[in-house]
2 protein chains.
Amino acid sequence: MAQKPSIPKGTRDFGPQEMARRNYIFDTIRSVYAQYGFQQIETPAMENLSTLMGKYGEEGDKLLFKILDSGDFLRGVDPSAFCEGGTPKLAACICEKGLRYDLTVPFARFVVQHRDELTLPFRRFQIQPVWRADRPQKGRYREFYQCDADVVGSDSLLNEVELMQIIDEVFHRFGIRVCIKINNRKILTGIAEMIGQADKIVDITVAIDKLDKIGLDAVNAELAENGIPAEAIERLQPIIKLSGSNKEKLQTMREVLKDSEMGLKGCDEVEFVLNKYALVTAPSLTGRVGGGSALQLDLTLARGLNYYTGCIFEVKALDVEIGSITGGGRYDNLTGIFGMPGLSGVGISFGADRIYDVLNQLDLYPKEVSTTTELLFVNFGDAEAAYSLPAVAAARRSGIRTEIYSDAAKMKKQMAYANARAIPFVAIAGETEMAAGKFTLKDMITGEQLVVSTDELIAKVQS
Amino acid sequence: MAQKPSIPKGTRDFGPQEMARRNYIFDTIRSVYAQYGFQQIETPAMENLSTLMGKYGEEGDKLLFKILDSGDFLRGVDPSAFCEGGTPKLAACICEKGLRYDLTVPFARFVVQHRDELTLPFRRFQIQPVWRADRPQKGRYREFYQCDADVVGSDSLLNEVELMQIIDEVFHRFGIRVCIKINNRKILTGIAEMIGQADKIVDITVAIDKLDKIGLDAVNAELAENGIPAEAIERLQPIIKLSGSNKEKLQTMREVLKDSEMGLKGCDEVEFVLNKYALVTAPSLTGRVGGGSALQLDLTLARGLNYYTGCIFEVKALDVEIGSITGGGRYDNLTGIFGMPGLSGVGISFGADRIYDVLNQLDLYPKEVSTTTELLFVNFGDAEAAYSLPAVAAARRSGIRTEIYSDAAKMKKQMAYANARAIPFVAIAGETEMAAGKFTLKDMITGEQLVVSTDELIAKVQS
């Protein structure tokens with residue numbers, strides 16, 4: 001036989017069991033989003049490169065998959081483009097479309113393009129694949145799904161609270177224990193102001209973000225490398241090492257930031273979210289003894305993206321060693337890049353692939369997450385099949401996922417098929433059963449066999 | 001404001017209402033497929049061009065969207081490729097991946113690649129978008145969904161019967177009255193043999209396929225143009241003009257084809273499918289007065305693709321002027337192109353976009369096909385919002401899609417939002433309600449207002 005065909009590196013096929021599990025994840029998230037009044041949209045896989053380029057930094061531009069113009073893509077292209085300017089210049093000449101890199105930029109484009117049809121605030125969710133020409137490695141794919149929800153056109157902090165609730169509800173339904181970490185970009189800005197290094201905010205947050213990974217000394221070294229004076233680094237120490245309850249941390253922060261209006265506003269925002277989240281996830285409301293998932297102020301949380309301007313959040317699974325499984329935050333000017341300034345938004349994104357891994361590791365899938373056939377009718381030949389077909393139809397009408405084996409194959413082969421497919425019930429009709437107007441129903445787990453009418457058969461499989 | 005951003009021609013954004021309707025279509029098809037024991041898979045959007053090229057004919061190759069290799073795609077490319085050989089040669093040098101053009105070739109690739117993990121017969125379904133660089137026009141898009149089901153590894157005609165049943169069940173659930181047209185490639189081959197033009201089978205079927213569009217004279221002219229002798233065309237006439245019931249048509253066909261073993265086998269196959277379909281869609285089984293959708297033998301049905309070898313089918317909506325809304329057939333060697341010969345298969349594909357158009361034209365969407373918010377809490381400020389939040393949480397826990405307006409905006413603005421979103425109930429809590437521990441619930445359709453407790457509010461909205 002010829003060499004097996006393959007798929008591009010970093011991409012995946014999903015078989016029936018993986019699909020059932022992935023659908024369970026997507027359906028759960030979709031259902032919670034809808035419960036909170038979010039509305040689903042979808043955008044095309046391909047966007048104009050003018051929409052995508054320059055939105056993800058220089059690195060991001062390189063990771064865009066570009067689509068060769070169709071037809072005679074070289075027409076009108078100056079041949080010197082092939083020699084001078086290198087590949088980026090040529091790519092710009094022969095590609096005008098690219099695959100979407102995330103759901104955020106297409107959403108911003110959607111809001112601006114359809115602004116006349118939308119009622120603000122607009123609460124949208126979107127569950128679609130994205131593509132990145134990243135180097136594939138364990139847990140990193142070139143095609144993967146994002147599950148985003150955003151509210152645009154409102155700067156109310158109630159939106160942040162509701163997104164925290166959604167996170168809590170989704171992971172509660174999954175049975176995954178999580179800690180939601182929260183921070184606020186304004187606090188970070190306040191810190192930078194306080195130490196007189198307002199222009200170094202990005203360097204500082206990037207360095208602080210590495211505390212867990214590289215430790216305090218290395219963070220301090222990195223800060224120094226980035227040109228932050230020793231005295232300022234000294235003043236940063238109590239903040240980097242901050243500990244205690246959320247309340248205690250906030251109290252300390254308010255003292256440290258007492259001269260920074262921006263920093264204090266960040267503290268107010270975090271406090272509002274913490275209080276309201278506690279209110280709506282109280283045990284009396286949720287019926288859960290401990291209330292909602294833990295919400296923890298974490299000043300080392302800075303997230304990579306530079307466009308967040310208010311609250312930022314990230315979710316860690318408590319029982320599995322894995323990176324952030326959900327994240328998000330507030331951005332003040334997402335649609336400005338498309339000529340529609342002043343629209344504040346806040347959003348979250350569930351990492352479906354990592355959630356899939358966590359559910360697998362903890363073996364948390366409910367039993368019902370299977371779409372396999374429940375009942376197989378054995379096929380002994382034309383007459384027997386014709387006898388069975390009305391019962392097959394009746395079983396399906398009763399909601400039972402039912403098959404009749406297509407071919408009059410050997411019994412052994414048909415039973416092997418039932419086993420391989422993990423089908424729990426097999427119905428058999430040979431001469432004896434046909435004469436009696438019955439079926440022999442075999443329970444494939446217990447091995448029990450019963451002679452039953454069609455109605456009894458359906459009742460037994462359903463029970 | 002800057003010029004509005006746009007999306008590539010031939011692609012579409014789907015807003016909340018369109019999404020609700022599309023999900024209804026996909027969910028219905030998915031649910032029927034599962035009922036019949038079909039298992040869902042998904043394959044990557046990108047396939048290797050070596051998988052795709054040469055599978056759809058020369059025209060098809062041109063319609064593939066090719067993806068520019070990432071990184072330095074010109075490295076190692078002979079500069080003369082830019083000048084000589086033209087665009088196809090250069091494209092082959094700088095692109096190794098393409099977007100899938102249909103779901104059939106990726107499925108064949110999937111079966112061969114995963115053959116060691118699969119139990120045959122394999123009943124799979126797949127609902128994913130495909131991309132074609134076709135000239136966009138009304139009803140034809142460059143990105144659209146296909147909803148395919150196939151059985152491979154079985155040549156039993158029961159599979160054809162079950163696929164007919166699936167078609168019948170899906171359109172019954174949609175409330176769309178259809179006629180399923182059936183033909184058999186073996187009958188067509190028999191006809192070609194009978195008139196001594198076995199090598200002209202493709203030309204003949206293509207010409208016959210146009211009968212409805214261009215009429216008998218033009219079909220005859222086209223047959224003559226294709227080098228079919230006048231005498232043979234004469235002998236084809238009774239077949240092209242065949243009429244009567246399925247039974248009558250089959251009887252005539254059997255006489256005409258009495259010397260063609262292949263042709264008679266085709267008649268047998270069609271008869272088997274017709275009889276078994278009648279059996280399983282009988283009114284006593286379906287509870288539907290007229291039984292299943294009409295199944296009609298139509299010899300002019302030839303379908304464009306050349307790989308069908310047995311039964312072929314196509315579905316026409318009875319109450320809307322539109323092309324085929326579903327089609328399919330039996331192919332004997334789909335996986336042979338990937339080095340795994342001898343695997344027979346049969347499949348169908350629902351045309352989601354056309355079904356969407358038909359449901360819209362006939363206004364057949366059920367009322368429940370809406371995912372809009374059912375209950376909006378008005379927000380008068382911090383204290384009022386805090387008072388409402390527990391009721392918001394309780395409503396959501398009762399399964400009501402609920403929002404609280406994010407900002408303490410003017411009442412008028414919040415009511416306008418409820419109207420624009422078509423939210424049927426609005427809950428209001430001002431000083432009076434708060435003092436009494438109640439809400440005023442307004443029915444936005446009748447205008448009725450009630451003062452209620454949280455429990456009463458939930459009961460009222462649910463009823």
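The values are calculated or read from the model by the stated rules, or taken from the named source; none is laboratory data. On a predicted model such as this, the values are computed, not experimentally measured, just so you know. Neighbour counts are summed over all protein chains in view; Cβ atoms, including those assigned to glycine, are modelled from backbone coordinates with ideal geometry.
Structure values in brief
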read-out: Filter result for residue A:99 (over 30 Å from residue B:403 (Cα atoms), of a type in the set (A, V, I, L, M) and modelled with pLDDT of 95 or more); value: yes
read-out: Selected residue [touching a residue at least 40 places away in the same chain (Cβ under 8 Å), among the aromatic types (Phe, Trp, Tyr) and surrounded by fewer than 23 Cβ atoms within 10 Å (Cβ to Cβ)] from B:56, B:33; value: B:56
read-out: Search result, residues across region B:236-292 that are small (Gly, Ala, Ser), surrounded by 13 or more Cβ atoms within 10 Å (Cβ to Cβ) and outside any loop (DSSP other than H, G, I, E, B); value: B:263, B:266, B:278
read-out: Filter pass, residue B:376 being over 24 Å from residue A:407 (Cβ atoms) and under 25 Å from the mean Cα position of the chain (by Cα); value: no
read-out: Residue check for residue A:144: within 30 Å of residue A:10 (Cα to Cα), at pLDDT 90 or above and assigned to a helix (DSSP H, G or I); value: no
read-out: Single match in B:351, B:342, B:323, B:327 (criterion: in the same structural domain as residue B:106 (by TED's automatic domain parsing), at pLDDT below 90 and within 17 Å of the chain's Cα centre (by Cα)); value: B:323
read-out: Pick from region A:136-167, criterion without any contact (Cβ under 8 Å) to a residue 60 or more places away in the chain and more than 8 Å from chain B (Cβ to nearest Cβ), ranking: surrounded by the most Cβ atoms within 10 Å (Cβ to Cβ); value: A:137
read-out: Counted residues, region B:446-463 - those being surrounded by 12 or more Cβ atoms within 10 Å (Cβ to Cβ) and on the phi > 0 side of the Ramachandran plot; value: 0
read-out: Members of region B:2-54 that are part of a loop (DSSP other than H, G, I, E, B), among the polar types (S, T, N, Q) and facing chain A (nearest Cβ under 7 Å); value: B:6, B:11, B:43
read-out: Enumeration of residues in region B:441-463 that are over 13 Å from residue B:429 (Cα atoms) and aliphatic (A, V, I, L, M); value: B:444, B:445, B:458, B:459, B:461
read-out: Matching option when the condition is at pLDDT below 90 and within 14 Å of residue A:182 (Cα to Cα), among A:301, A:297, A:274; value: A:301
read-out: Matching entry among A:420, A:409, A:436 (being of a type outside the set (Val, Ile, Thr), without any contact (Cβ under 8 Å) to a residue 60 or more places away in the chain and more than 14 Å from chain B (Cβ to nearest Cβ)); value: A:436
read-out: Residues that are in contact with a Leu (Cβ under 9 Å, 6 or more places away or on another chain) and either more than 8 Å from chain B (Cβ to nearest Cβ) or of a type in the set (Val, Ile, Thr) (or both), drawn from region A:58-67; value: A:60, A:61, A:64, A:67
read-out: Condition met for residue B:82 (surrounded by 21 or more Cβ atoms within 10 Å (Cβ to Cβ), at pLDDT 95 or above and either over 18 Å from the mean Cα position of the chain (by Cα) or of a type in the set (Lys, Arg) (or both)); value: no
read-out: Filter result for residue B:349 (in contact with a helix residue (DSSP H, G or I) (Cβ under 9 Å, 6 or more places away or on another chain) and more than 10 Å from chain A (Cβ to nearest Cβ)); value: yes
read-out: Only listed residue being among the acidic types (Asp, Glu), more than 10 Å from chain A (Cβ to nearest Cβ) and over 21 Å from residue B:463 (Cα atoms), chosen from B:384, B:368; value: B:384
read-out: Any chance residue A:213 is touching a strand residue (DSSP E or B) at 6+ places or on another chain (Cβ under 9 Å) and over 30 Å from residue A:128 (Cα atoms); value: no
read-out: Test: residue in region A:96-107 that is among the hydroxyl-bearing types (Ser, Thr, Tyr), in a helix (DSSP H, G or I) and more than 10 Å from every other protein chain (Cβ to nearest Cβ); value: yes
read-out: Residue A:295 in contact (Cβ under 8 Å) with a residue 60 or more places away in the chain, surrounded by 16 or more Cβ atoms within 10 Å (Cβ to Cβ) and assigned to a strand (DSSP E or B); value: yes
read-out: Sole residue being assigned by TED's automatic domain parsing to the domain that holds residue A:34, modelled with pLDDT under 95 and among the charged types (D, E, K, R), chosen from A:150, A:116; value: A:116
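This table checks each residue for (1) under 30 Å from residue B:398 (Cβ atoms); (2) out of contact with any strand residue (DSSP E or B) (no Cβ under 8 Å at 6 or more places or on another chain).
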| position | (1), (2) |
| --- | --- |
| A:233 | no, yes |
| A:239 | no, yes |
| A:242 | no, yes |
| A:250 | no, no |
| A:277 | yes, no |
| A:289 | yes, yes |
